[in-house]
Amino acid sequence: ISVTPVDDTPEIAEAFQDLTVNEDNADTVIDLSNHFTDKDNDNNAITLAVLNNSNAALISATIDNYQLTLKYTENHSGIAEIIIRASSNEKFVNDTLNIFVQAIDDPPELLTPPSSITKNEDDPQHIVDMSIWFTDIDNDDAQITYQIIQNLRPDIVTPSISAKQLVLNFTENANGTSIIQIAGYSNGLSATTDLSVIVLAVNDMPTVSNGNISLFED
Ligand SMILES: [Ca+2]
Ligand SMILES: [Ca+2]
Ligand SMILES: [Ca+2]
Ligand SMILES: [Ca+2]
C-alpha cells in the first residue's frame with residue numbers, strides 16, 4: 001500500500017472583523033502572521049498578497065513581512081473591500097476585510113486672507129467681496145456664511161454684512177486704523193480672519209462759521 005501525501009489548502013485561522021475608522025485616521029497595521037495556517041507547513045512558508053482592493057481611491061493596502069498596512073486618503077470617506085490571498089505550495093485561500101471610513105466634518109479654512117483697505121477720511125461707502133476668503137473641503141464654499149466678530153475702531157468705521165459682502169461706512173471726519181475680525185461659518189464650524197481698514201486724514205477746507213469775515217486792508 002502506498003500512501004500519497006495530500007497537500008491541504010491553507011486555512012483562515014482567524015477571519016477578519018469589519019473595521020470602522022474615521023476620515024483621516026492614522027494608518028492601520030494588522031498583523032497577519034497567524035491569520036492563515038497550513039497543515040503541511042509552518043506559517044512562514046505561506047505567502048500573502050492583496051488580491052483585490054475595491055476602493056483604491058479611499059485606501060491603499062500593502063503587505064510587508066506579514067503586516068498589512070492600510071493608509072487612508074486625506075478627506076475621503078466610504079467603503080472598501082480588501083481581499084487577501086494566502087498561498088502555500090500552489091494552493092490558496094482568500095479572506096475579505098471590509099473597511100468603513102466615516103466622514104468627518106472639517107472646519108472651514110482661510111483660503112485667501114483679505115488685503116488691507118486704505119481710504120480717505122469721508123470717503124463714500126466701500127464694499128468688499130468676502131466669497132474667496134474661506135473654503136470648506138466638505139461642501140460648496142457658497143454655503144459659507146459670515147459674521148462680524150469684532151471691530152477695533154467703531155468710531156471710524158461701521159461694518160455690516162449683506163450676504164457675501166462686507167459693507168464699510170466711514171464716520172465723518174474720523175481717521176485712524178481699525179481691525180475688523182470676520183468669521184466664516186460652515187455647518188456650525190468656523191474660521192476667522194482680520195481685515196485692516198486704514199482711514200487717512202484729509203485736511204478739510206476751512207469753513208465759515210458766521211457771516212463776519214475780517215479782511216485786512218492794505
Ligand atoms: Ca498545504
Ligand atoms: Ca478631513
Ligand atoms: Ca471631511
Ligand atoms: Ca466642513
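Data overview
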item	result
Where Rh is the Kirkwood radius over Cα pairs, Rg/Rh for region 48-124	1.46
Accessible area (Å², per residue) of the chain, counting only protein heavy atoms and a probe of 1.4 Å	62
Ratio of Rg to Rh over region 11-102 (Cα coordinates, Kirkwood Rh, two decimals)	1.00
Carbon + sulfur, % of accessible area of region 66-218 - ligands and nucleic acids excluded, 1.4 Å	49
At q = 0.20 Å⁻¹, base-10 log of I(q)/I(0) for region 1-59 (Debye sum, equal scatterers on each alpha carbon)	-0.95
Per-residue ³J(HN,Hα) for region 14-20, Karplus 6.51 cos²θ - 1.76 cosθ + 1.60, θ = phi - 60°, Hz, x for Gly and Pro	8, 5, 4, 9, 4, 10, 10
Contact order normalised by residue count of region 2-154, Cα under 8 Å, 6+ apart, percent	23
Rg/Rh ratio calculated on Cα atoms of region 109-200 (Kirkwood radius)	1.00
Net charge dipole size for the chain [Lys, Arg +1 and Asp, Glu -1 on Cβ; Debye, nearest 20]	140
For Lys119, distant residues with modelled amide H under 5 Å away	Ile198, Val199, Leu200
Residues of region 128-162 with amide N under 18 Å of a point placed 7 Å along Cα→Cβ from Gln181	134, 146-155, 157-161
Antiparallel bridge percentage (DSSP; both residues within the chain; nearest 5)	90
Share of Cα-Cα pairs in the chain lying beyond 20 Å, as whole percent	72
11 Å reach of a label modelled at Gln147, 7 Å along Cα-to-Cβ, counting backbone N of region 162-183	183
Karplus-derived 3J(HN,Hα), 6.51/-1.76/1.60, for each residue of region 159-175, Hz, glycine and proline x	x, 8, 10, 10, 6, 9, 10, 9, 9, 10, 10, 9, 6, 4, 6, 10, 9
26 Å Cα-Cα reach of Lys119 towards lysines, excluding residues that sit fewer than 8 places from it in its own chain	Lys164
Simple label model, 7 Å out from Cα along Cβ direction - Asn52 to Ala201, nm	7.8
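The values are calculated or read from the model by the stated rules, or taken from the named source; none is laboratory data. What you are looking at is a predicted structure, and each value in this text was computed from that prediction instead of being measured. Neighbour counts are summed over all protein chains in view; Cβ atoms, including those assigned to glycine, are modelled from backbone coordinates with ideal geometry. Quick note on the areas: whole protein, heavy atoms, side chains included, nothing else; ligands and nucleic acids left out. Shrake-Rupley method; radii C 1.70, N 1.55, O 1.52, S 1.80 Å.
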